[in-house]
Amino acid sequence: MEQQPPLVIVVQGPAGSGKSTLIQGLVQMFTGQKISRIAGPITVRQTRARRLMFIECTPDMPSMIDLAKVPDMVIMCANAHDWEMETFEYHTLLAVHGFPLVHGVITHLDEIEQKKQNRVKSHLNERWKKQNSHESSMFVLKYDGVRKQYDKNAVKRFSQTHLQKSPKHLRWREAHPFVLADRIEAIDDAPTSMRLFGYVLGSNLRPGQLCHIPGLGDVSAESVEFREDPCPILNKGSKRGLGEKDKLVYAPMSDIAGMERVAGRQTITISGEAHYGQTVASEGLERQRAVLVGDQTEGEKIIAGLHTARERAKADDAALFASDDDQDESDEDVDMTSGPAFEFASDDSDDSSSDSDSDSDSTSSDSDTDHDLATPLAPDVSDPTFLALLDALTDVTHVYPAVSLPMDEEGVDDWLRDRFITGEFGQHDRDMAAGDLGVESGNEDDEEEGDEKDGEGEEKDEDKEETPEEEEDFEARYMRLQGEKHALIAERNKMIANLPEAQRVKVEGYRPGSYVCVLVTGVDPAFFDCFDPTRPVVLGGLGPGESAVGQVHTRIIRHPYHRKILKNGDPAVISMGWRRFQTRPIFSMEDPNGRQRQIKYTPEHMHCFATFHGPLIPPNYGVAVFQSISRSKSSFRVSATGTVLQMGKKHGLTKKLKLIGTPFRAANRKDGVKTNTMKNSAFIKGMFNSELEVNRFVGAKIRTVSGIRGIIKKAEKAPPGAFRATFEDKILLSDIVFLRGWVPVEIPAWCLTVATLLQRGNEWAGMKTTREVRDEKGVAIPVNKDSLYSGIIERKERVFSKTVVPKKIATALPFGSKVEQSGKRSSDGYLATRHREMMAARTVAEKARDASVTHIQQLSAHRRVKRADAAKERVKKAEKAKAGRDAIRQANEKERRKAQYRRQGLNRKDAVGATAI
């Protein structure tokens with residue numbers, strides 16, 4: 001029976017957000033068991049046909065990266081006090097590596113004042129909808145402070161509304177197998193090998209497939225074996241729900257109530273325990289016999305034998321007391337190797353088998369149809385020819401249309417011949433091809449029948465020539481080929497489904513949902529010393545070509561939450577596929593002419609290209625870039641996100657090179673005499689250092705600052721690096737000439753795996769940036785003198801003389817086009833000159849008189865200023881006195897009015913009293 005794999009549910013959140021409490025509440029709701037310490041995957045039964053695998057994601061970046069690639073569903077816990085950075089980082093990683101179902105949970109809301117809870121809840125919901133979608137909303141879990149757990153009704157309601165949904169189809173998971181290890185065993189005889197236990201997830205896992213463990217490196221899955229499923233799916237039968245005995249939890253790395261954990265040996269012994277007055281004898285607890293690293297002692301072997309005997313007794317009892325309904329259901333899932341529906345031919349076949357074979361041959365010769373793959377006469381799956389053809393059939397389903405694969409040897413030859421010969425291939429053509437190949441044809445009956453069919457075929461050809469059919473349009477042909485393709489796939493799946501389990505595994509590998517034991521080789525021994533059960537161990541299968549290393553071309557954009565832009569060539573951690581590694585990306589932009597131009601920094605709000613050396617991965621998969629994965633960084637750690645464009649191809653990155661030179665002699669002067677030859681040529685110096693460099697650039701295009709274009713012609717002997725160039729116009733000695741060239745950029749061939757599983761803790765330190773090294777060493781930034789601006793090549797400002805029109809030309813010009821040519825005029829007029837002369841001719845008496853007049857004018861001006869100041873003071877005093885009088889008058893007026901109103905009120909009262917009397 002095909003078993004669906006358990007749904008992987010990752011519970012993520014910052015430290016102290018209630019992740020462990022939520023998992024404990026969900027496990028207790030599904031199984032009635034209490035978990036005191038959570039570590040590794042926890043598998044439970046949700047229904048009789050659905051299993052859930054919970055795993056807690058710690059807030060360190062390596063675990064967040066690994067657990068963003070495997071989940072079917074994510075529960076993100078958010079503290080009600082405020083959002084934290086880890087939530088947005090993990091959300092970004094999910095968006096990069098394939099976005100599964102995401103559910104938000106608000107915790108610690110009861111710690112906020114009652115009147116503020118609704119406002120906080122609405123604020124978190126609005127921010128959550130902006131980050132995800134407008135349809136999703138966050139779920140509030142209330143905390144029970146007495147029992148130190150979430151409210152049971154709230155947990156149950158959350159499970160019913162959120163955990164019943166079907167997962168999304170993620171492209172990476174459907175194309176790559178992986179195993180989320182829930183148990184690890186070391187091998188004493190082989191220190192570089194270990195056994196991983198877990199469910200096969202994603203696609204089919206093939207034995208011998210090259211795999212990768214994030215944080216450890218590339219390993220090889222030497223062998224894969226089926227193991228008893230610790231949390232199997234139950235047959236429906238007459239029951240719909242789960243009984244107490246059907247509730248199951250499997251968590252080898254966690255501490256569950258009723259388990260005794262022996263320190264140092266990681267051996268777990270299970271026993272029953274009473275919960276709330278009921279005895280829970282869980283089948284899963286009995287299956288959790290040994291999670292060990294090392295050999296078992298004699299006592300442990302005895303206990304393991306007792307558990308095995310108990311399981312066998314349970315299996316015998318279940319088989320003895322099975323109901324008729326269960327028996328009917330089991331008949332539907334009968335093993336194909338034992339039933340009559342699938343028989344295999346053997347070499348020691350008796351007469352009856354040979355008779356049946358001859359009957360089948362005669363039947364096949366009488367009819368022109370292919371064998372039905374569901375007939376009892378199935379192929380010999382041990383035949384290597386059949387396995388080779390089956391693999392070929394599996395690989396070409398997307399290229400060739402559907403064909404029926406005959407199972408006898410002659411049919412195989414015909415089928416192969418049809419694959420390489422176009423057109424209609426009748427029996428007559430087959431006989432001719434067989435004669436050419438030196439193969440005897442079939443029996444006489446077949447020949448006669450073939451002749452008859454050939455005659456019919458010729459008549460059909462004549463009919464076609466007489467009445468040609470209309471050509472099939474492209475859309476109809478495409479739909480027909482698609483239908484044939486799907487029919488071939490269905491036929492292939494039907495054929496594979498009829499194979500016995502051992503042969504089926506050889507053909508398609510271990511299917512998702514199988515619980516397997518994988519023997520992994522090439523493991524660093526430091527892994528066992530630094531093993532931490534809280535860190536996930538994912539065995540990810542690599543596809544064809546993904547084990548190679550080369551250049552990867554991606555398109556990235558700086559994340560808006562990251563504070564700084566990325567510098568070209570700085571080491572960065574890349575998360576791509578199963579791998580996370582450190583490399584040195586080179587950033588570039590594409591010019592309109594298709595040139596990949598290197599840039600120094602990533603743009604602020606634009607995409608750019610990043611090319612780096614690393615493991616290859618197919619295009620259109622996500623990429624995440626980190627400057628640092630350390631938890632000590634307070635800022636947003638995801639630096640950039642992007643997509644893989646190409647792999648394994650050199651992309652020809654270039655960077656701009658600008659060489660500057662100056663003319664030192666005009667080419668139309670020889671020995672100081674001006675000639676008419678080469679009037680647009682000039683000799684340039686300062687651009688190159690030797691004649692050899694000039695010869696490499698002969699024919700290159702150059703240009704002056706004023707825009708005059710030219711070409712390098714020939715190198716000159718003196719001075720070194722000088723050359724002769726020709727321009728489209730005459731240039732001056734004051735012009736600056738520059739050459740704009742492009743130099744190829746080499747991609748640094750360096751890549752380092754982020755091996756966080758080979759050290760204790762998650763503070764991994766790889767290559768440091770130049771800035772970090774300078775800060776630690778206290779070294780100043782070096783200064784390159786050639787990069788400094790200097791005044792040597794500064795362009796001097798030229799002063800051009802005014803245009804002078806000759807008199808003959810000026811007189812011949814019309815009046816509207818005449819040029820005004822004013823001569824030099826004196827800056828002083830007659831009055832100014834006369835005043836200067838009169839002042840110089842004054843006598844001493846006149847000067848004294850002028851001085852006394854000036855002094856009197858100054859005194860008069862001073863008196864006017866004093867009188868104006870005194871007048872201002874008088875005005876201020878008058879205004880102040882008036883304001884006092886006005887205040888007194890207003891106060892008196894107010895009192896007078898009060899008295900008047902009082903008298904009027906008394907008079908009104910007297911008048912009303914008199915009227916009443």
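The values are calculated or read from the model by the stated rules, or taken from the named source; none is laboratory data. The shown structure was predicted, so the numbers you read here are calculated from the model rather than taken from an experiment. Reconstructed Cβ throughout: ideal geometry from the backbone, glycine too, with neighbour counts over all protein chains shown. These area figures cover heavy atoms from the full protein model, side chains too; ligands, DNA and RNA do not enter into them. Shrake-Rupley method; radii C 1.70, N 1.55, O 1.52, S 1.80 Å.
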Residue that is surrounded by the fewest Cβ atoms within 10 Å (Cβ to Cβ) [pool: residues in segment 612-651 that are aliphatic (A, V, I, L, M) and in contact with a Phe, Trp or Tyr (Cβ under 7 Å, 6 or more places away or on another chain)]: V644
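Matching residues to (1) open to solvent by 50 Å² or more (accessible area, probe 1.4 Å); (2) at positive phi; (3) modelled with pLDDT under 50:
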residue: E458; (1), (2), (3): yes, no, yes
residue: K464; (1), (2), (3): yes, no, yes
residue: T467; (1), (2), (3): yes, no, yes
residue: I489; (1), (2), (3): no, no, no
residue: Q503; (1), (2), (3): no, no, no
residue: K506; (1), (2), (3): yes, no, no
Selection within segment 25-46 - part of a loop (DSSP other than H, G, I, E, B) and among the hydrophobic types (A, V, I, L, M, F, W, C): I38, A39
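Residues are listed down the side, and each one gets a yes or a no for (1) among the β-branched types (V, I, T); (2) closer than 30 Å to H212 by Cβ; (3) in contact with a strand residue (DSSP E or B) (Cβ under 8 Å, 6 or more places away or on another chain); (4) touching a residue at least 24 places away in the same chain (Cβ under 8 Å):
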| site | (1), (2), (3), (4) |
| --- | --- |
| T704 | yes, no, yes, yes |
| G710 | no, no, yes, yes |
| K717 | no, no, no, yes |
| A722 | no, no, yes, yes |
| D729 | no, no, no, yes |
| S734 | no, no, no, yes |
| P744 | no, no, yes, yes |
| A755 | no, yes, yes, yes |
| Q759 | no, yes, no, yes |
Count - residues of segment 100-115 that are open to solvent by 30 Å² or more (accessible area, probe 1.4 Å), in contact with a strand residue (DSSP E or B) (Cβ under 9 Å, 6 or more places away or on another chain) and without any contact (Cβ under 8 Å) to a residue 60 or more places away in the chain: 2
All strands (runs of 3 or more DSSP E) inside segment 508-600 with 3 or more residues being of a type in the set (V, I, T) and open to solvent by less than 30 Å² (accessible area, probe 1.4 Å): 515-521, 549-558
Scope segment 167-183; condition open to solvent by less than 20 Å² (accessible area, probe 1.4 Å) and either basic (K, R) or modelled with pLDDT of 90 or more (or both); matching residues: H176, P177, F178, V179, L180, A181
Single residue of segment 731-748 satisfying the filter (in a strand (DSSP E or B) and open to solvent by 20 Å² or more (accessible area, probe 1.4 Å)) that is farthest from H613 (Cα to Cα): F738
Pair list, Cβ < 6 Å and 6+ apart or interchain, from segment 621-646 residues that are at pLDDT below 90 to residues that are part of a loop (DSSP other than H, G, I, E, B) and among the hydrophobic types (A, V, I, L, M, F, W, C): none
Which listed residue is open to solvent by 100 Å² or more (accessible area, probe 1.4 Å), within 30 Å of G661 (Cα to Cα) and at pLDDT 80 or above, from I781, I792: I781
Looking only at segment 118-140, and only at residues there that are of a type outside the set (A, V, I, L, M, F, W, C) and in contact (Cβ under 8 Å) with a residue 12 or more places away in the chain, the one that is surrounded by the fewest Cβ atoms within 10 Å (Cβ to Cβ): S136
Selection within segment 469-487 - modelled with pLDDT under 85 and either surrounded by 10 or more Cβ atoms within 10 Å (Cβ to Cβ) or not in a loop (DSSP other than H, G, I, E, B) (or both): E472, F474, E475
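For segment 126-160, give me each residue that is among the hydrophobic types (A, V, I, L, M, F, W, C), under 18 Å from W83 (Cα atoms) and part of a helix (DSSP H, G or I).
Answer for segment 126-160, where residues must be among the hydrophobic types (A, V, I, L, M, F, W, C), under 18 Å from W83 (Cα atoms) and part of a helix (DSSP H, G or I): just W128.
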Test result for E84, out of contact with any helix residue (DSSP H, G or I) (no Cβ under 7 Å at 6 or more places or on another chain), open to solvent by 50 Å² or more (accessible area, probe 1.4 Å) and over 30 Å from S628 (Cβ atoms): no
Qualifying positions in segment 660-690 - at pLDDT 90 or above, outside any strand (DSSP E or B) and either among the hydrophobic types (A, V, I, L, M, F, W, C) or crowded, with 16+ Cβ neighbours inside 10 Å (or both): G686, M687, F688
